[in-house]
1. Conditions: (1) at pLDDT below 70; (2) of a type in the set (Lys, Arg); (3) surrounded by 10 or more Cβ atoms within 10 Å (Cβ to Cβ). Residue 79 meets all but one. Number of the miss?
2. I need every pair where a residue in region 69-93 that is in contact (Cβ under 8 Å) with a residue 40 or more places away in the chain has its Cβ under 8 Å from the Cβ of a residue that is basic (Lys, Arg) and part of a strand (DSSP E or B), sequence separation at least 6 or different chains.
3. Is there any pair with a first residue in region 42-54 that is of a type in the set (Asp, Glu) and a second that is part of a loop (DSSP other than H, G, I, E, B) whose Cβ atoms are under 6 Å apart and which are 6 or more apart or on different chains, and what are they?
Amino acid sequence: MSQGLAHLCNMNSRSPGEVQFETPVNLPIASILVDERGAMHVTYDGHEFLPPTPDIEWSRARFGELLDALSAHRKRTVRVEVREYDGSVFTDIVHATRRERMAAEPPVPDATRRARHRPTHQLIEVRGSGFIPGEDVTVALSVSSAEGAADGTARAVIDLSQVADGNAEFLLIGRVSGVIVTERLPA
């Protein structure tokens, strides 16, 4: 067996990590002739390839659209030869894109993830009384409480699922009056 033929026979014995694109041996050829105005005359496997509507013509400005049409929106691999009016030639292969298989059903997010990704239009109104008119009032969300240690410090571990379960409360804290209003979040 010749060395070239042996190489072709061994192409399917690639390692599992290698990506192998399947390109047909006989590629369709798109020939594009560009005139001095930038208008293009296109043939596909020897047959004239017309634009989608008769009132327009293929041009340099529509080159991307032309490539999409020739490759059936990247569903098939095509060899493209562009011949400019000055005699220069450009040749390339437009590869078909691989389609990834989608899962039959997307996984259902857990409650914590749903809580973090709630729509921003879910609003609640917070009210409290006893504040000085015009006073700045801080609005805080309490998800846990802690006890002060003998040295005056406090430490808390926060479980974010408490917010999702409606197990948190909000606080209105008056900066001047020192008034604190607490209310549990509605479930």
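1. (1)
2. Within 8 Å, the pairs are 93/79.
3. 45/28
Every residue, every condition in (1) more than 40 Å from the chain's Cα centre (by Cα); (2) modelled with pLDDT of 70 or more, yes or no:
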site	(1), (2)
141	no, yes
146	yes, yes
152	yes, yes
158	no, no
162	no, no
166	no, no
173	yes, yes
180	yes, yes
187	no, no
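The values are calculated or read from the model by the stated rules, or taken from the named source; none is laboratory data. Treat the numbers as computed from the prediction; the structure is a model and nothing was measured. Virtual Cβ from ideal backbone geometry, glycine too; neighbours counted across all protein chains shown.
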